Amino acid sequence: MKVYCNYIGGQWQESSSQQTAQNVNPADTDDVLGTVKLSTREEARRAVESAAEAFRGWRATPAPTRGRIVARFARLLEDDKENLAALLTREEGKTLAESRGELQRSINVAEFCAGEARRLNGETIQSELPANFAYTIKQPHGVVACVTPWNFPVAIPVWKIAPALVAGNSVVFKPATITPATAVRITELLVEAGVPQGVFNLVLGSGSEAGDEIVGHPAVRAVSFTGSNSVGVKLYEQCARRGAKVQCEMGGKNPVVVLEDADMTLAVESTVQGAFGSTGQRCTATSRAIVVDRVADNFIERLVARAESLKIGHGNDPATEVGPVVDANQFKGVLSYIDIGREDGASLVCGGGVAEGPGLRKGYFIQPTVFAGVTHEMRIAREEIFGPVLSVLRVKDFEEAMQVANDSEYGLSSSIFSNDAARIFRFVEEIETGMTHVNSPTTGGEAHIPFGGSKATGIGEREQGSTALDFYTELKVVYVDYTGRKREGNLY
Ligand code: NDP
């Protein structure tokens, strides 16, 4: 049985911990990929120390040279795309087509960040003072921790690690415990690309031990986290105490609004894609459909027909449209939300339980589930379920749709289906989410376009796109006085 190792100070090292977790294929629990040893606090500390030691050399390496290494990493990812996609499907459960999509996004992000290495520019600014030259430079923080979830175990690490390295930081990477295999492969490719010893370190281990030790270490100057709100807020508080920078991308409860003039086929297809793609385990997954009364019956009828037709199965079967949820915890959690929906009085119109059929017995398969008659006080309309469950809420008109859509602590993504320009523009203006889509699903993003949420979803700078490097750099302001005289007057 494969035992996954840490990568610390340029060496692959097996953890001395006696605590372990199995890496299990969620489509077939008999298929065990390997064993993770849950690293000790001492090992986590060593990783931070090795990153701190390597930082000086890395920051002194010219940014375009750092970029060349990240560009080489992008090419290696591309060469390894099929292998890594197969590993991702086996480890996380998503379909092979979805895994290939995630890989392509990762390659694009790495390429984009490599290019940014040649644009780490500051600006020159006109000073009020005579014969003074004022300008800004962008500098790395030092050691950055990247703490990531299991649902995009390749793309999310890449969209943190690539900009962190390009900016000149050294990195300690703590992936989700249940997706170690892809994390190890990413590390192997970074090593092969030529990242110097100690500049990049991988620590496998539980969030509450190894993760906590890394985030709490005084040498860690910035933490980029993606995951749940409960963990993210705790890390934010922990870092705030010592003034370390934090970027948290957290949960969502993403609405689609369907108005009476919507193209109904498009609205139904896009809602199904957004709600059940990646088995609903995307932070941008559609989890609320807010539909005006006049078209609600038609929408629900067509949505249910389409959801019932989805083929559930193993991710590596090309016919599969919906894979398993990721593990036993997620399986239990999603099924318990389905019970909560029933108990709270929502009407179950599609799915509602464990998916059965040939080849499904040994996996965590759940039927695509739709609740109608959901009101916005119900828990299934307010809490993130993170599985293939969609709530349909009826509203009387656009005004009420906006009120319900914004009645959420979360603010990640949203979409509207309508052909009325005035209401589309009002929606875009008034919807309280970091990203929004018009006549397309709530999901999706591109390497060169910023990504992230508002309200309780997001803390700190947006990831990717033109803002990708903002979090990983410190802006320094420089004044050069070439008068050769004592300054006359003061600057306030
Ligand atoms: P978690 O918050 O449970 O875990 C995320 C990471 O944090 C894991 O590596 C975890 O380790 C680690 N962690 C847990 N506790 C601590 C701690 N005390 N100190 C340091 N690290 C810790 O999230 P999930 O992995 O369950 O991911 C699902 C969540 O991620 C959903 O809420 C989803 O919405 C969100 N997400 C948000 C995205 C966005 O861009 N807004 C994108 C993708 C997902 P361990 O695995 O050992 O528990």
Can you compute the charge dipole magnitude of region 48-174 about its Cα centre, using +1 on each Lys and Arg Cβ and -1 on each Asp and Glu Cβ, nothing else charged? Give it in debye, rounded to the nearest 20. 200 debye
Using eta = 0.692 mPa s and T = 37 °C, Stokes-Einstein with Kirkwood Rh from Cα pairs puts D for region 141-207, in µm² s⁻¹, at 278 µm²/s
In whole Å, what three semi-axes, largest first, describe the equivalent ellipsoid of the chain built from its Cα gyration tensor (square root of 5 times each eigenvalue)? 40, 30, 19
Exposure proxy check on His376, His217: fewest-to-most Cβ neighbours within 10 Å is His376, His217
Work from the charge dipole of the chain (Cβ charges, +1 for Lys and Arg, -1 for Asp and Glu, about the Cα centre) and give the residue of Cys239, Ser39, Ile69 farthest towards its positive end. Ile69
Quick check: residue separation of Gln22 and Ser440 times 0.36 nm, minus the Cα distance between them. What number comes out in nm? 146.6 nm
Of region 448-486, those with amide N under 20 Å from the point 7 Å along the Cα→Cβ vector of Thr124 are 476-484
At 7 Å along Cα-to-Cβ for each site, give me the label-to-label distance between Leu475 and Glu430 in nm. 3.3 nm
Long-range amide H contacts for Glu463: which residues qualify at under 5 Å (H placed 1.01 Å from N, peptide plane, sequence gap of 5 or more or a different chain)? Phe451
Protection proxy ranking of 413-422, 176-185 - average other beta-carbon atoms within 10 Å, highest first: 176-185, 413-422
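Can you put Phe299, Phe200, Phe398 in order, fewest other beta carbons within 10 Å first?
Working: Phe299 23, Phe200 29, Phe398 19.
Least crowded to most crowded, the residues run Phe398, Phe299, Phe200.
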If every Lys and Arg gets +1 and every Asp and Glu gets -1 at its Cβ, then about the Cα centre region 115-185 yields a dipole, in debye to the nearest 20, of 340 debye
Computed label-point distance, nm, for sites Glu192 and Arg487 using a 7 Å Cα→Cβ extension: 5.3 nm
Find which of Val326, Ile312, Ala285 sits farthest along the positive direction of the dipole of region 285-332, computed with +1 on the beta-carbon of Lys and Arg, -1 on that of Asp and Glu, about the Cα centre. Ala285
What does the charge dipole of the chain about its Cα centre add up to, to the nearest 20 debye, if the Cβ of each Lys and Arg holds +1 and the Cβ of each Asp and Glu holds -1? 1700 debye
In whole µm²/s, the translational diffusion coefficient that Stokes-Einstein assigns to region 121-163, given a Kirkwood hydrodynamic radius over C-alpha pairs, 10 °C and 1.306 mPa s, equals 115 µm²/s
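Could you put Phe173, Phe55 in order, starting from the residue whose Cβ has the fewest other Cβ atoms within 10 Å?
So the ranking, lowest neighbour count to highest, is Phe55, Phe173.
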Computed over the chain, the relative contact order (Cα-Cα under 8 Å, seq sep at least six) in percent reads 18 percent
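Read-outs: derived from the displayed coordinates by stated rules, not from any lab. Values in this document were obtained by computation on a predicted structure and should not be read as measured data. In this analysis, Cβ positions are derived from the backbone assuming ideal geometry, glycine residues included, and neighbour counts consider all displayed protein chains.
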